[in-house]
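Report on the following structure.
Just so you know, all these numbers are worked out from the coordinates, no wet-lab data involved. It should be emphasised that the depicted structure is a prediction, and the values quoted were computed from it without experimental measurement. In this analysis, Cβ positions are derived from the backbone assuming ideal geometry, glycine residues included, and neighbour counts consider all displayed protein chains.
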Amino acid sequence: MARRGPRAALVSLAVGVLAAGVAITFAPSASAATTLGASAAERGRYFGTAVAVNKLSDTAYATILNREFNSVTAENEMKIDALEPSQNQFNYANADRLVSHARSRNMQVRGHTLAWHSQQPGWMQNMSGTALRSAMLNHVTQVATHFRGQVVAWDVVNEAFADGNGGARRDSNLQRTGNDWIEAAFRAADAADPNAKLCYNDYNTDNWTWDKTQAVYRMVQDFKTRGVPIDCVGLQSHFNSGSPYPSNYRTTLSSFAALGVDVQITELDIEGSGTTQANTYRNVVNDCLAVARCTGITVWGIRDTDSWRASGTPLLFDGSGNKKPAYDAVLSALNNGTTPTPPTTTPPTGNPTTPPTTPPTTPPTTPPGGGAGCTASVSLNSWTGGFVATVRVTAGSSGTNGWSVGVNLPSGATVTNSWNAQGSGTSGAVTFTNVAYNGRIAAGQSTEFGFQGSGSGTGMTPSCTAS
């Protein structure tokens, strides 16, 4: 990511940059097997990039952006200093330009970031205590309200945990307003834009055994238990020789997902070149595809020369805009990937500092017999007061051109969001129908969608109708 000012050592340098349960729908593409975004959409995911608005006038840059990606994140244009340079005086011009560019091309937008200790304008840096807390919440409210309905997910809070042992919170002016500042930011964002997915985003949280990863996990677990509105966790995933891709990366993704939140890879870049770099990119994509709630990947820039780490050549296109071996590896992994069946047991935990617990999992219900139509089965991840249901739709002997799944929710249960399907109704008898990319299922093959709800989801038996 492009940062202003001097850069610190990479392992300790934070890079600021969606959906739980974003219902992602993308326009069908004739080049579904030949571009990153279209191929990811076939897997029910997005593949995005960080964008600098001033580069949209660069024809080569814009051509690659428009061709390859179906999601964008503003590189700097949605940070606090850019949007509120003077207190209560907001400047949305550049951010609006990026949002307009993306939405006119059927790309989704991830908002980055509402609350962060870095890149604060001078007036905010000089504040503290109650005044700062009020100013932070006002910023969250005003910005989320301005972009309501245009941004699918927000990095509500960015980089609030310290590096090193212990998993402590970062000492910042925001942290010094009180330990509940993160929760307060999430509640304010939810009130301002209840339909956006709300994410916590951080770096050096890729390795499951690290104290920082465990600390973020415990915070998310606590938020879910207490009903704090959090929908997703963002792993920045900046990899190089000092902070390499960890062998337990998939464990990290699956462990967060088991809490009932989506996981998004938000700022991916991998220093290196050739086969080694390509293989690491392939591993990351395969890890995401192996976890049903890993909903998308964003690379932090387009060409190597656009990267904040340009000397490490960490991206998928070289400085001339040519596809690198890493690009081919990513596209191949996406094209060969499938949407997996979520695990029905606790994911492996490695050797965390404090072994986490996961919500109890209900095994899938037995689907009705086969035939020419379709069948549906459901698996549950449940916790006190809520659940996530993952529904597998399996085509019968004739395959499907489309499908519809009906579910009778238990008394008191309410659907709060869904993904990979279009939902109708929120309580009682609800119906989910396919979206553009997952209606056609070959005979005997399957696809999956999911929804999150409040209350208890125990006892649901879905029914499927094929078209």
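For every other residue with a beta carbon closer than 12 angstrom to the beta carbon of residue 83, add +1 if it is Lys or Arg and -1 if Asp or Glu, then tell me the sum.
-3
So if the hydrodynamic radius of the range 45-97 is defined as the Kirkwood radius over C-alpha pairs, what does Stokes-Einstein give as its diffusion coefficient at 10 °C and 1.306 mPa s, in µm² per second? If you can, show how the numbers build up before the last one.
Numbers: Rh = 12.1 Å.
So the translational diffusion coefficient is about 131 µm²/s.
At 7 Å along the Cα-to-beta-carbon direction for both residue 305 and residue 424, put a label point, then send me their distance in nm to one decimal.
5.3
Could you give the distance between the Cα centres of the range 208-270 and the range 415-458, to the whole Å?
First find each Cα centre; the distance between them is then 25 Å.
For residue 58 and residue 169, what does the FRET efficiency come to when R0 = 35 Å and r is the distance between their Cβ atoms, rounded to the nearest 0.05?
Between residue 58 and residue 169 the formula returns 0.30.
Can you tell me the Rg and Dmax of the range 177-272, counting just the alpha carbons, in angstroms?
14.0, 43
Quick one: compute a quarter of the convex hull surface over the Cα atoms of the range 147-215 and quote it in nm². Provide the component values of the computation, followed by the final result.
Details: hull surface 20.6 nm².
Hull-based average projected area comes out at 5.1 nm².
Once amide H atoms are placed 1.01 Å from N in the peptide plane, what residues at a sequence separation of 5 or more from residue 396, or on another chain, have their amide H within under 5 Å of its amide H?
For residue 396, whose amide H was placed from the backbone, the distant partners under 5 Å are 373, 374, 375, 444.
When the Karplus curve 6.51 cos²θ - 1.76 cosθ + 1.60 is applied with θ = phi - 60°, which whole-Hz ³J(HN,Hα) does each residue of the range 239-249 get, with x for Gly and Pro?
Couplings: 10, 7, 5, x, 9, x, 4, x, 5, 9, 4 Hz.
Checking the table 79/212; 212/323; 55/324; 79/224 against a 28 Å threshold on Cα-Cα, which pairs fail?
Numbers: 79/212 24 Å; 212/323 35 Å; 55/324 21 Å; 79/224 26 Å.
The pairs that break the limit, which is 28 Å between Cα atoms, are 212/323.
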